[in-house]
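Structure, as structure tokens:
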Amino acid sequence: MRLLAIETSCDETGIAVVDGIKTETGFSFSIVANTLLSQATMHAEYGGVYPALAKREHLKNLPILLRECLRTIEGVDITTENSITYKNETFVFPPKPDTIEAIAVTYGPGLEPALWTGIVFAEALARAWELPLVPTNHMEGHLLSSLAQKGMLEQVDFPVLGLLISGGHTEFVVSPTWFEYNIIGETLDDAVGEAFDKVARMLEYPYPGGPHISKHAERARNEQLISSTSLPRPMLHTQNCDVSFSGLKTAALYALRGKTLSEDEKAAFAREFEEAVGDVLVAKTRKALHESMANTFVIGGGVAANTFLRARLETLLADEFPSVIMRLPELSITGDNAIMIAEAALAHLLSGRAVIATGPIEARGQLSISTGK
Ligand code: KG4
Ligand code: ZN
């Protein structure tokens, strides 16, 4: 089955076309076309994502990405276009390619103004092309695409424990079987990515700060630069799998207030911060692995690109949980993209359990991955 997916939950606009088939033990995907436009540099001057700007950019980018996506598919005609008016907006679309059978769109969680742009565009396209539209959960997209290895989402040994770490989320999710999810721990305040971005801003690294913290912390480790500040490891010894990063962020703010740090001192501080986050995530992952009795552990979301955190978690599993399979996502899919939305939607469709939209889809900024709620 060939599906076109649209992702606009934050500051990346993505459209991808993916083929999926059901295999004996799971699913096999192959990417037909993939387009992604990041607005990160535009939001940099605001130090974070500015919703009105994100909305405007998504609206501008979506038609461009659709044409670019279709252009790469053999035999698709993009020379003619038809216009359709939907919800007081006029859209101009190329004719439907014969091979595409369904459309998927992220409907949450995320920034609602950003989500709306993708939803309205997808609804108009589904009408124009007369195709079913599958509203898809962004976090399930992160989880399932991270579980897939080289396009194969097969032989998954359940229960799966997922650690989802992104700009908006930090959660431990247990999946006892396909498409069932329970959150067993989450952040009580800031998400990990948010803490990375905020501390990076204090160190005057550009937005998004996660990759900059990671790069400078690595240099500090290589050059054995140690910070004079010790940061707290919040909730390290609490009995549940919840985490909290606002105390760490505030401690960083107080430690840095009124100080001018050299580049080496900043790098050492970035290292101390990354190690504090690492200590907390390792301790809580240990708890979550015991509690969930998971056979597979996977990490997903933008922060899953962090080399240091990946290594710390790999060591934890190798040393203490050698029988648990660890699935690390390919770096190309850790950040937001439309492939992950296509894969999640295809898995549902191919299992005959996709929810097809029958009316207008509502953007759900706070949508949870939990199926128990
Ligand atoms: O999943 P994602 O692309 O968007 C959301 O759904 O939020 O995650 C973005 C977050 C940002 O906070 C960014 O700073 C962080 O992921 N990030 C990193 C790294 N690469 C991206 N954080 C730490 N280390 C990295 N290498
Ligand atoms: Zn995300």
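No lab work stands behind these numbers, since they all come straight from the coordinates. On a predicted model such as this, the values are computed, not experimentally measured, just so you know. For neighbour counting, all protein chains shown are included, and Cβ atoms are generated from backbone atoms with ideal geometry for every residue, glycine included.
Using Cβ contacts closer than 10 Å as the measure, can you line up D279, D319, D190, D157 from fewest to most?
On the way: D279 14, D319 8, D190 21, D157 11.
Listed from fewest to most nearby Cβ atoms, that is D319, D157, D279, D190.
Can you find, among T238, A126, G352, the residue farthest towards the positive end of the dipole of the chain? Put +1 on the C-beta of Lys and Arg, -1 on that of Asp and Glu.
T238
Given the alpha-carbon gyration tensor of the chain, what are the semi-axes of its equivalent ellipsoid in whole angstrom, ordered largest first, with each equal to the square root of 5 times an eigenvalue?
36, 25, 17
Give me the log10 of I(q) over I(0) for the stretch 280-325 at q = 0.22, 0.28, 0.33 Å⁻¹, as the Debye formula computes it from C-alpha points; what are the numbers?
Values returned for q = 0.22, 0.28, 0.33 Å⁻¹ are -0.75, -1.18, -1.40.
Calculate, in whole percent, how much of the Cα-Cα pair population of the stretch 208-304 lies beyond 22 Å.
I get 36 percent for the Cα pairs in the stretch 208-304 exceeding 22 Å.
Can you give me the long-range amide H partners of E186? Hydrogens built in the peptide plane at 1.01 Å from N, cutoff under 5 Å, separation of 5 or more residues or another chain.
F172, D242, V243
Work out, in µm²/s and without decimals, the Stokes-Einstein translational diffusion coefficient of the stretch 1-71 at 10 °C, 1.306 mPa s, Rh from Kirkwood over C-alpha pairs.
The diffusion coefficient I find is 118 µm²/s.
Can you list the HN-Hα couplings for the stretch 178-187, worked out from phi with the Karplus curve (6.51, -1.76, 1.60; θ = phi - 60°), rounded to whole Hz and with x for Gly and Pro?
So the Karplus estimates, Gly and Pro as x, are 3, 6, 10, 9, 10, 7, 9, x, 7, 6 Hz.
Could you give me the ³J(HN,Hα) list for the stretch 316-325, computed from phi with Karplus coefficients 6.51, -1.76, 1.60 and θ = phi - 60°, whole Hz, x at Gly and Pro?
Along the stretch 316-325, the couplings run 4, 5, 4, 7, 10, 9, x, 8, 7, 7 Hz.
How do K249, K60 line up, fewest other C-beta atoms within 10 Å first?
K60, K249
Setting aside same-chain residues fewer than 8 positions from K198, which aspartates and glutamates have a Cα under 14 Å from its Cα?
E45, D189, D190, E274
By counting other Cβ atoms within 10 Å of each Cβ, how are T187, T80 ranked from fewest to most? Please list the in-between numbers first.
Working: T187 20, T80 7.
Taking fewest neighbouring Cβ atoms as first place, the list is T80, T187.
Let me spell out the model: positive unit charges on the Cβ of Lys and Arg, negative unit charges on the Cβ of Asp and Glu, origin at the Cα centre of the stretch 1-98. What dipole size does that give, in debye rounded to 20?
220 debye
For I299, enumerate residues with amide H under 5 Å from its amide H, sequence gap 5+ or separate chain, H modeled in the peptide plane.
Answer set, sorted by chain and number: L163, R327.
In nm, to one decimal, how far is the L188 label point from the N88 one, both placed 7 Å along Cα→Cβ?
4.4 nm
Greater than 22 Å separation of Cα atoms is the criterion. Which listed pairs, K55/K215; K22/K150; K215/K287, meet it?
Listed pairs above 22 Å: K55/K215; K215/K287.
Picking from P208, V160, F297, whose Cα lies most toward the positive end of the charge dipole for the chain (charges on Cβ: Lys, Arg +1; Asp, Glu -1)?
Of P208, V160, F297, it is P208.
I need two numbers for the stretch 260-373: Rg to one decimal and Dmax as a whole number, Cα atoms only, in Å.
Every Cα atom of the stretch 260-373 included, Rg and Dmax give 18.5, 59 Å.
Could you tell me how many cubic angstrom of Cα convex hull volume the stretch 85-198 has per residue?
It comes to 156 Å³ per residue, whole-number rounded.
³J(HN,Hα) across the stretch 82-94 via Karplus (A = 6.51, B = -1.76, C = 1.60, θ = phi - 60°), whole Hz, x for Gly/Pro?
Per-residue couplings from phi come out as 10, 9, 9, 9, 9, 6, 6, 10, 9, 10, 10, 10, x Hz.
Answer with one residue from A44, P329, G278: the one whose Cα lies farthest towards the positive end of the charge dipole of the chain, charges on Cβ with Lys, Arg +1 and Asp, Glu -1.
Sorting the options by dipole projection puts first A44.
How big is the antiparallel share of DSSP beta bridges in the chain, given as a percent to the nearest 5?
Details: 35 of 53 bridges.
So the antiparallel bridges in the chain amount to around 65 percent.
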